[in-house]
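Chemist: Quick one: the structure is below, and I'll ask about it shortly.
The values are calculated or read from the model by the stated rules, or taken from the named source; none is laboratory data. None of the values given here were measured: they were computed from a predicted structure. Here the Cβ is made from the backbone with ideal geometry for all residues, glycine too, and neighbour counts use every protein chain on show.
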Amino acid sequence: MNRPTKSLNLLACGVLALSSLLSKVEASLIEGGIAFTGAATPDNSNLTQASQITFGATTVDGDGWGSFENILDGTSVNMYSPLKINPVDLPNEALWTVGGFSLMLTSLTVDTAHSSANALLLSGIGTLSGNGFEDTPGDWQATITTAGSPATFSWSAISGPVESVPDNGETAILLGSGLIVMGVVGRLRYIRS
């Protein structure tokens, strides 16, 4: 291979590397939300004194949206049960699974300020996973009420992408510039010899 062709090949590789670095690569995170409803049985009829909740038949309430859009209203949900809330004892398996998605709890808070003998509010953070998406942190909230018989349970989980910190293409510009300079220097060396 002669030197001009080698320099041109190096320059072409630099341009290809620069263009591939400039294209934005986004992670495939779970976005959107899903809501559930179903039966819940507290171990105490006064929800402020309940130590655990046993879940019964649970289904999707309304269609999911975003990444959950293919999970339709009425789809059956598998729930971890019983959920220990006082004291909090996070399960070591998914709290719920549905449509290929699951949620692992990373925190559980009993909102005593907004709870009463007939209504219990749980909230926290969990990690959603499944269906080829990257594990995604998300907020969740659950409300358990004894207003009807049996007690009812509703759940919503919302997630979104974690914002990445862009470098405004500075890394790609530096790499591309370096490769171009190498090509030019190589070309000048060939011309001088």
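Chemist: Which one of the conditions (1) at pLDDT 90 or above; (2) buried (at least 18 other Cβ atoms within 10 Å of the Cβ) does ASP89 fail to meet, given that it meets all the rest?
Modeler: In the conditions (1) at pLDDT 90 or above; (2) buried (at least 18 other Cβ atoms within 10 Å of the Cβ), ASP89 misses (2) alone.
Chemist: Quick check on my filter: what residues within region 131-155 are crowded, with 18+ Cβ neighbours inside 10 Å and at pLDDT 90 or above?
Modeler: THR136, the sole residue that qualifies.
Chemist: With the structure loaded, tell me whether ASN2 is out of contact with any strand residue (DSSP E or B) (no Cβ under 7 Å at 6 or more places or on another chain), at pLDDT 50 or above, polar (S, T, N, Q) and loosely packed, with under 12 Cβ neighbours inside 10 Å or whether it fails that test.
Modeler: Judged against the criteria, ASN2 is a match.
Chemist: Would you say ALA94 is in a loop (DSSP other than H, G, I, E, B) and out of contact with any strand residue (DSSP E or B) (no Cβ under 9 Å at 6 or more places or on another chain)?
Modeler: It is false that ALA94 is in a loop (DSSP other than H, G, I, E, B) and out of contact with any strand residue (DSSP E or B) (no Cβ under 9 Å at 6 or more places or on another chain).
Chemist: For region 32-60, how many residues meet the condition of being surrounded by fewer than 18 Cβ atoms within 10 Å (Cβ to Cβ) and assigned to a loop (DSSP other than H, G, I, E, B)?
Modeler: Residues in region 32-60 being surrounded by fewer than 18 Cβ atoms within 10 Å (Cβ to Cβ) and assigned to a loop (DSSP other than H, G, I, E, B): 5 in total.
Chemist: Could you please find all residues in region 100-130 being of a type in the set (Gly, Ala, Ser) and either touching a strand residue (DSSP E or B) at 6+ places or on another chain (Cβ under 8 Å) or assigned to a strand (DSSP E or B) (or both)?
Modeler: Hits for region 100-130 are GLY100, SER102, SER107, SER115, ALA119, SER123, GLY124, GLY126, SER129, GLY130.
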